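Peer 1: The structure's right below; bear with me while I get my questions together.
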Amino acid sequence: MTDTHDTRREMPLGLAKRGYTGVIQHLSAKDASSALSDIELESRLIELGFVEGARVEVLHEGLVGRDPIAVRVDNITIAVRRREAMAIIVA
Amino acid sequence: MELPLLHLALVGTPNSGKTSLFNALTGSRQKVANYPGVTVERKEGFFVTPQGRQVSVVDLPGTYSLRGRSPDEEITRDFVLGKASGETVPDLVLCVADSTNLRLTIRLLLELKRTGRPMILVLNMFDIASRRGISVDVERLAKELGVPVVTSIAVRKGGTADLLALTDEISARLAAEPGENSWRALSVAELRATQREADRIISDCVSLPSRPDTWTARIDAIVLHPVGGLIVLALILFVMFQAVFAWAQPLMELLQSGFDALGDFVHATLPEGLLQSFLQNGVISGVGSVIVFLPQIIIIFLFILLLEDFGYMARAAFLMDRIMGGAGLHGRAFIPLLSSFACAIPGIMATRVIDNKRDRLTTILIAPLMTCSARIPVYTLIISAFIPARDVWGFINLQGLVMFGLYAAGITSALVVSFLIKFFMLRDYAPAPFMLELPDYKMPRLKSIAIGIFTRAKMFLQRAGTTIFSMMVLIWFLASFPQPPAGATEPAIDFSLAAMIGKALAPLLAPVGFNWQIAVALIPGMAAREVAVAALGTVYAIEGGKEAAEQIGQVLATKWSLATALSMLAWYIFAPQCASTLAVIRRETGSWGWMAATFAYMLVLAYAASLLTYNVAVALGAG
C-alpha cells in the first residue's frame, strides 16, 4: 500500500465508502457498465461538475447495496448510482 | 407609439430558482399550455416594465446544457435558437443562476453565448449567497463573461427591481443587430474546456467561504439516513394520505351537496323533459362528479409543491431509486406514481420529470394501476354493503383491512406489470442512469406555491370543462336515448342505447359474475370511475334516482351475491375504463397505440382478476 497523503492510490468513486474524500483525477467512461454511451456518460458527468480537480466527498449511501450515493462535488450535492460513479477516478 | 411586445426567455439549470423568478415577474398572469407535438409544458407569463414596455416571458425547461438529451431540453435549445415551431425568437434571454452555486450555470451561460442571443445573467437567491458569506464581484463577472449581470431576490418584494430596470435599458438599445449563431453541439473536450473556463472565471470573481450550508447537512443526516430516511418518507406519505383522504372530505361533501342543490334547483325550475334531464343528469351531476375531486387535487399538489420547493423531492427519489429499480422503475418515477393515488391524470403529467423515454413510458403505463381516489366511492360502497364491520384479531377492522388489501393489490400489480414490461418489451434495455442534483434546502415560499396550485387547479377545471364534459354528454345521450314508450313502468334506462350495449356485453361478463345492470353501469363509468356508483343507482331505479343512490348499498346487498361483489372489487383494482386517463395517456405518449395498449392490458387484467375472484368465491360457497 502506497496510501500516503501525497500519493494516494487511484480508485473509482463507485467503490468509495461513506465519508470518503478525494479529488477527481480523470474520467474513464469505458470503465463503467452504464446504459449510456461513453461519450454521453462523460458529458453528463462533466455537466454535473465532475471534472478533473474537483473535490468530492461521499455523504450518503442508499439502503439497498449502499446504492445510490450522494456525493458532494465542490459546493453542490449530486446523487449518482455506483454503476456510473465507476467512471469517476479519484485519489 | 406602442412598442411591440418584448419576448423574454428564462433559461437555467434545474433548481436555479427559475420558476420562483418567473412567478415573481408575472404573478398570476400566466398561461400554461403544451408545445405543439410534444408533451412539454409551456409556461408563458406577462408583465409590464417600469417604463411601460409590455413583456412576454417564457419559462423554459431547466437544463444543464443545450445538447437536448430529453424532449424538455430539446425545447429549451430549439426555443433559444429560434427553431421551435410557431415560436418567436426571444429578444432577450435571461440566464438564471442560483448565486450559491454558480459553477454549472456559468458553464451553461458560456454555451448559451454562442447562440448570439442578447442575454442577461441573473444572480438569483442573492440574499442566501450573502448570508452564507459568498461574495460576488458583479462588475468583474460581467466583464469576464461579456454579458450584463444583475442580482435578484425573486422571493422578496421589489427583489427584481434591478432586473426590470436593466431589461428596460437593454431593450431600448436592442437594435436590429442579430448576433452570429455559432452554436453547435459541444464535444466532450469542448465541454471540459468550457467547464474549466467557467471555473477560472468563478475563482476570479467569486469568493467562496469554506462554510457549507449547515442546515442542509443536518437535515440530510436524518433524511438521507439509509433506514431513518425511509421512516421519514413513510411518515410524510402517511400525513399526505391522511390529508388527501381526511381533510378533503368535508370540502368534497360541500361541493357535492352544492351540485346536488343546483341539480335540484334545475329539476324544480325547468319543466319535466329532455332539457331538464340533460342539465341535471348530464351536465350538473356529470361535471360535478369530477369537480368534487378538486379539493383532493389541490391538497396533493400542495404537498408535492411544498416538498419540491423545500428540496425534498430529489431526496425521495434518492431513497426510492434502488427499491423501485428492482421492478425496473426509475427513482424519479416515485413522485408521479405517488400522485397517481389522488388521480392518474396529474400523475401521468408528472412523468415529464423522467428524461428517459422508456422509463417514462413504463411509468405512464402503470400509473393507472395506483388506486386513484375515484375508485374510493366504488370500494367504500361495496365494502360497506358486503363486508361486515367486525374486528379481526381483536384490533384490525375487517373493512379497513379489505380496503388496505385493495391498495396493496394495486401497487403489487403495478410492480409486476413494470417488471414484465422490462422483461418482455424492453429486454435489450439497461436501466437509465440516476443522476440528480440534491439542492440545498430552502424555505418554501407561499406565493410561489399558491400560484403553482392555482395554475394546476385551472388546468384540471379546464379539462373538466372540455374533455370530461363532452364525454358526459355522450354518456348521457347513450343512457337517455331512445326514450321509453309512453306508459312504460321499467326505469327509462332499460330502453336506452346504454342498456342495449350493456345487455349485449352481459354474456361476456357473465363468467365473472356481472349481471347486465353492472355492464350498463360500467359504460357511464367510462367518464370517471366513481360515476359507476351513481349509474348503478340509476339502473336499479332511475325514478327518484337520488334517494335510491343513497340506499344503493342496501339494494346491492339484496341483489348481488358476495361473489359478484368481490368480483366487482377485483375488477376495480384494474378498471381500465376512465376516459380522461386514456385521453391523457394518448396526449402524453403522442400515440393512440399506447393508449389502446393500456386499455387492453388493464381490461385483460381486470377480467382475469374478476374471473379468478368470482370462481374462487363461488367454489367457497359465496355464490
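The values are calculated or read from the model by the stated rules, or taken from the named source; none is laboratory data. Because the structure is predicted, anything quoted here is derived from the model rather than measured. Cβ: placed from backbone, ideal geometry, glycine included. Neighbour counts: every protein chain shown.
Peer 1: Restricting the search to the range B:70-101, which residues are touching a Pro at 6+ places or on another chain (Cβ under 6 Å) and within 14 Å of chain A (Cβ to nearest Cβ)?
Peer 2: Answer for the range B:70-101, where residues must be touching a Pro at 6+ places or on another chain (Cβ under 6 Å) and within 14 Å of chain A (Cβ to nearest Cβ): just B:Thr76.
Peer 1: Residue check: is A:Asp74 at pLDDT below 90, within 14 Å of B:Leu436 (Cβ to Cβ) and within 8 Å of another protein chain (Cβ to nearest Cβ)?
Peer 2: no
Peer 1: May I ask you to list the residues in the range B:327-352 that are in a helix (DSSP H, G or I), touching an Asp or Glu at 6+ places or on another chain (Cβ under 9 Å) and either touching a residue at least 60 places away in the same chain (Cβ under 8 Å) or surrounded by fewer than 24 Cβ atoms within 10 Å (Cβ to Cβ) (or both)?
Peer 2: If the condition is that a residue be in a helix (DSSP H, G or I), touching an Asp or Glu at 6+ places or on another chain (Cβ under 9 Å) and either touching a residue at least 60 places away in the same chain (Cβ under 8 Å) or surrounded by fewer than 24 Cβ atoms within 10 Å (Cβ to Cβ) (or both), then B:Gly331, B:Arg332, B:Phe334, B:Ile335, B:Ile348, B:Met349, B:Thr351, B:Arg352 are the ones that fit.
Peer 1: Here is a further query. Working carefully through the options B:Leu5, B:Leu21, B:Leu10, B:Leu104, find the one that is within 14 Å of chain A (Cβ to nearest Cβ) and on the phi < 0 side of the Ramachandran plot.
Peer 2: B:Leu104
Peer 1: Moving on to the next point. What's the number of the only condition in (1) part of a helix (DSSP H, G or I); (2) surrounded by fewer than 19 Cβ atoms within 10 Å (Cβ to Cβ) that B:Glu272 fails to meet?
Peer 2: It fails just one condition, (1).
Peer 1: Checking B:Gln30 against (1) touching a strand residue (DSSP E or B) at 6+ places or on another chain (Cβ under 6 Å); (2) surrounded by fewer than 22 Cβ atoms within 10 Å (Cβ to Cβ); (3) more than 30 Å from B:Trp592 (Cβ to Cβ); (4) modelled with pLDDT of 85 or more, only one condition comes out false. Which one?
Peer 2: (4)
Peer 1: Of B:Val147, B:Val155, which residue is more than 10 Å from chain A (Cβ to nearest Cβ), assigned to a loop (DSSP other than H, G, I, E, B), surrounded by 12 or more Cβ atoms within 10 Å (Cβ to Cβ) and modelled with pLDDT of 90 or more?
Peer 2: B:Val147
Peer 1: For the range B:188-266, which helices (runs of 4 or more DSSP H) that fit wholly inside it have 2 or more residues that are hydrophobic (A, V, I, L, M, F, W, C) and away from chain A (no Cβ under 12 Å)?
Peer 2: B:188-205, B:228-242
Peer 1: Which one of these does A:Leu13 not meet: (1) farther than 20 Å from B:Asp220 by Cβ; (2) at pLDDT 90 or above?
Peer 2: (1)
Peer 1: Go through the range B:33-69 residue by residue and tally those that are more than 14 Å from every other protein chain (Cβ to nearest Cβ) and either part of a loop (DSSP other than H, G, I, E, B) or at pLDDT below 85 (or both).
Peer 2: Number of matching residues: 17.
Peer 1: I want to confirm something. Restricting to the range B:537-560 and keeping residues that are closer than 18 Å to B:Val520 by Cα and outside any helix (DSSP H, G or I), which single residue is modelled with the highest pLDDT?
Peer 2: B:Trp560
Peer 1: Being surrounded by fewer than 20 Cβ atoms within 10 Å (Cβ to Cβ) and more than 19 Å from B:Arg352 (Cβ to Cβ) is the filter here; which residues of the range B:307-326 pass it?
Peer 2: B:Phe310, B:Arg322, B:Ile323, B:Gly326
Peer 1: Within the range A:42-71, can you find the residues that are within 19 Å of B:Glu190 (Cβ to Cβ) and at the interface with chain B (Cβ under 7 Å from one of its Cβ atoms)?
Peer 2: Result: A:Glu42, A:Ser43, A:Arg44, A:Ile46, A:Glu47, A:Leu48, A:Gly49, A:Val51.
Peer 1: What residue, of B:Ile376, B:Ile366, is touching a residue at least 12 places away in the same chain (Cβ under 8 Å), over 23 Å from B:Glu308 (Cβ atoms) and of a type in the set (Val, Ile, Thr)?
Peer 2: B:Ile376
Peer 1: Let me ask something additional. Restricted to the range B:182-222, and to residues that are among the basic types (Lys, Arg) and at pLDDT 85 or above, which residue is nearest to B:Glu74 (Cα to Cα)?
Peer 2: For the range B:182-222, the residue satisfying everything is B:Arg192.
Peer 1: Can you work out which of the residues in the range B:92-136 that are outside any loop (DSSP other than H, G, I, E, B) and hydroxyl-bearing (Ser, Thr, Tyr) is nearest to the chain's Cα centre (by Cα)?
Peer 2: B:Thr105
Peer 1: Within the range B:318-354, count every residue that is under 16 Å from the mean Cα position of the chain (by Cα) and within 22 Å of A:Gly62 (Cα to Cα).
Peer 2: Of the residues in that region, 9 qualify.
Peer 1: Considering only residues that are touching a strand residue (DSSP E or B) at 6+ places or on another chain (Cβ under 6 Å) and either under 20 Å from B:Glu180 (Cα atoms) or without any contact (Cβ under 8 Å) to a residue 24 or more places away in the chain (or both), which ones fall in the range B:113-137?
Peer 2: Residues satisfying the conditions are B:Arg117, B:Pro118, B:Met119, B:Ile120, B:Leu121.
Peer 1: Can you tell me which residue among A:Ala87, A:Ala35 is surrounded by 20 or more Cβ atoms within 10 Å (Cβ to Cβ) and of a type in the set (Gly, Ala, Ser)?
Peer 2: A:Ala87
Peer 1: Another question about this same structure. Being within 8 Å of chain B (Cβ to nearest Cβ) and charged (D, E, K, R) is the filter here, so list the residues in the range A:21-41 that pass it.
Peer 2: A:Glu40
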